[in-house]
Amino acid sequence: MPPSTTTTTAATTLTTQAAELGTLLAHHPLAVWATGMLAAALLGLAGLAALRCVQRHRPVLPPVPPMRAHGTLLAAMGVSACTWVLAGAAMADLAASGRPGGPWGALDDALAAGLQVQTPTAVLQLFSALTHLGDTGVLTALTATVTLVLWQRQQRLLATGWLVAMAGNGALTRVLKNLFERVRPEHLHGIAQANGFSFPSGHSSASMVAYAMLAYLATRQLTRPWHAPAVATAGVLIFTTGWSRAVLQVHYASDVLAGWLLGGTWMLCTVLIIESLGAWRTPQPAEARA
């Protein structure tokens, strides 16, 4: 069999499997929600465990001299730039494979069509309430409140980083929506409405930044017993918001994944810069950082 024929057959098989997966997910929206929340919570806890392992084996150093601190900042910026290159390439591939005939396009269409036909009204109403976790008004109020609290506690660097994370993600999402110009899936149930372009999901990216940043702030500001609950809760809220957009058929699944990728990358880079800017400040005791 010629290589071109083999490649075409493999691509066709992958597309078919993606469509079957989309149909399966559409049959079990509540089970997917429960499984996704658990997986997101466990992923967050695994990340927290890895962070604690790094902190446990990292010596407590004296404040870094200014020149060395500048080098730390440049290194963080370099890592951030590389991370953005990788994330940008992944988002471009995700957008390209979401076209008709691609595997993501097949999954998107099968999931949206299945949800449109068979999702009960009660389930749609449930997710129409949960999706407000990523609303602009809710997250704007949250942004202002957290900024004010951090500022009053003299945590100026954290307050600025939090504000930059939230505002910067919103600007990036708008730019990318206008760049890709993907039309939203058809949603005729009337329970939830959304306007504008679809890729990436603004609710998904904003909730990723907001709740992941809150978990990070919890590890910086709260005592250790609060860290694990904060991280697990963040994972639950992030997945719930993103999945609600797919269930309500106002976004394709690939829109949600792209939103998580965008928000996660922006949040990670913001944290790297915050940590590098605080490198020359007097570090906390090891037990406080754990």
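Among rounded, prolate and oblate, which fits segment 105-181 when a ≥ b ≥ c are the square roots of the eigenvalues of its C-alpha gyration tensor, a/c under 1.5 means rounded, and a/b larger than b/c means prolate?
Taking the square roots of the gyration eigenvalues as a ≥ b ≥ c, segment 105-181 is oblate.
Under a crude label model (7 Å from the Cα following the beta-carbon direction), how far is H132 from Q221 in nanometres?
Reported label-point gap for H132 and Q221 is 2.4 nm.
Tell me the trypsin sites (Lys or Arg not before Pro) within segment 137-216 that lie in a loop according to DSSP and have at most 15 other beta-carbon atoms within 10 Å.
Counting only loop positions with at most 15 other Cβ atoms within 10 Å, the trypsin sites (Lys or Arg not before Pro) in segment 137-216 are R153.
May I ask you to evaluate 6.51 cos²θ - 1.76 cosθ + 1.60, the Karplus curve with θ = phi - 60°, for each residue of segment 242-258 and list the ³J(HN,Hα) values in order in whole Hz, giving x for glycine and proline?
Whole-Hz 3J(HN,Hα) from phi for segment 242-258: x, 5, 4, 5, 6, 4, 6, 6, 9, 8, 7, 4, 5, 4, 5, 4, 5.
Rounded to two decimals, what ratio of Rg to Rh does segment 74-228 give with C-alpha atoms and a Kirkwood Rh?
With Rh from the inverse mean 1/r over Cα pairs, Rg/Rh is 1.02.
Roughly what % of Cα-Cα distances in segment 154-290 sit above 19 Å, to the whole percent?
55 percent
Can you list the residues, at least 5 places off or on another chain, whose amide H is less than 5 Å from the amide H of S201, using H built in the peptide plane?
For S201, the qualifying residues are V256, A258, G259.
Here, each number is a calculation from the coordinates, and none is a lab measurement. Values in this document were obtained by computation on a predicted structure and should not be read as measured data. Every residue, glycine as well, gets a Cβ built from its backbone with ideal geometry; the counts of neighbours run over all protein chains shown.
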